[in-house]
1. At most 13 other Cβ atoms within 10 Å and a DSSP loop assignment: could you name the GluC sites (Glu not before Pro) in the stretch 143-233 that fit?
2. Quick one: pull the percentage of alpha-carbon pairs in the stretch 81-129 with a separation above 14 Å.
3. Can you tell me which of 180-187, 119-126, 237-244, 263-270 comes out highest on packing, and rank the rest after it, using the mean Cβ neighbours within 10 Å?
4. Can you give the translational diffusion coefficient of the stretch 68-170 in µm²/s, computed by Stokes-Einstein from the Kirkwood radius over Cα pairs at 10 °C and 1.306 mPa s?
5. Could you work out the Kirkwood radius for the stretch 100-227, taking every pair of different alpha carbons, averaging 1/r and inverting it, reported in Å?
6. Step by step: find N for the chain, compute 2.2 N^0.38 Å, then divide the Cα radius of gyration by it. What's the final number?
7. Under 8 Å for C-alpha pairs, at least 6 residues apart: give me the relative contact order for the stretch 148-199, rounded to a whole percent.
8. What is the magnitude of the charge dipole of the stretch 1-115 about its Cα centre, with +1 placed on the Cβ of each Lys and Arg, -1 on the Cβ of each Asp and Glu, and no other charges, expressed in debye to the nearest 20?
Amino acid sequence: MRILVTGARGMLGQAVCLAAPAGVELITPGREQLDIADPLAVASWLDRTRPEWVIHLAAMTNVDQCQREPALAYQVNSTATAHLAAACRRCCAGLLLLSSIAVFDGQKPTPYDEMDLPRPGNVYGDSKWQAEQVVATLPRHLIVRSGWLFGGGPADKKFVSQMLALAPGREELAVVADKIGSPTSVDDLAGGLWRLLREEASGLFHLVNGGEPVSRYELARTILAAAGLPTRVRPVTSDYFPHLAPRPGMEAATSHKTNGWLRPWRPALIEYVHALQRVQAVSSS
């Protein structure tokens, strides 16, 4: 099977490529090789390489930047996806889109499932929802929503590495307690994506690590406890850290289709924190 992966150099992209099953031929053009915002370039790449599937991971994910530069956000997240969809239709390739639970406004008191109607609350979420609607018109498509990803090792710049970087030498960290999500390992998510392709699945799926939804505050406490750091974590509201783009209160997800596919988030997170510490110990020795 020949598969083209956009965003292969990103955190999830690297995990997807490392988890590729035997016999899969990966095509992983970088941004300098394939500009997905250029419809002619996209059509040329797919006509030339003839992949059976495109795993579309490339996206503009900085939520505040999307709010500040909406034209760019829609170009990268929506229009570029439409170019890929058109090229996939022409060469009969399937298209897997990595989307986000941010397509919802976060007003629901319980985790979102595949039956809930998207109602984005910011530009980023709306740009992903527009991309979903285009991909859903293809005969062969997969739309996978996830969120609160962690992974990436030494190159990690997200919440886990931020907490580990900020905590040493501090007695206390303030972390928001009114945002709820489903922490998800990129390694586990990558395995789930390959399972969907292996089982020739089609349609819309939520795919997150199992376990109870958790607040950023509770997540931070778990990270620091796993790392053996004594820093206290103080719960605060979102007003304490104002952002340009509105953040959904509920970003947790559940699934009627993939429930039980991925292990609980807590052991996955603890394993990742310990792996980061081992890498840091080796690099500092």
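1. The qualifying sites are Glu171, Glu199, Glu200.
2. Tail of P(r) above 14 Å: 58 percent of Cα pairs.
3. The packing order, highest mean first, is 180-187, 119-126, 263-270, 237-244.
4. Taking Rh from Cα pairs, D becomes 102 µm²/s.
5. Result for the stretch 100-227, one decimal place: 16.4 Å.
6. Against the compact-globule rule of thumb, the ratio is 1.00.
7. Once normalised by length, the contact order is 53 percent.
8. 240 debye
FYI, it's all coordinate maths here, none of it is from the lab. Worth saying up front: this structure is predicted, and the values here are computed from it rather than measured. Don't worry about glycine lacking a Cβ; one is built from the backbone with ideal geometry, like all the others, and counts go over all protein chains shown.
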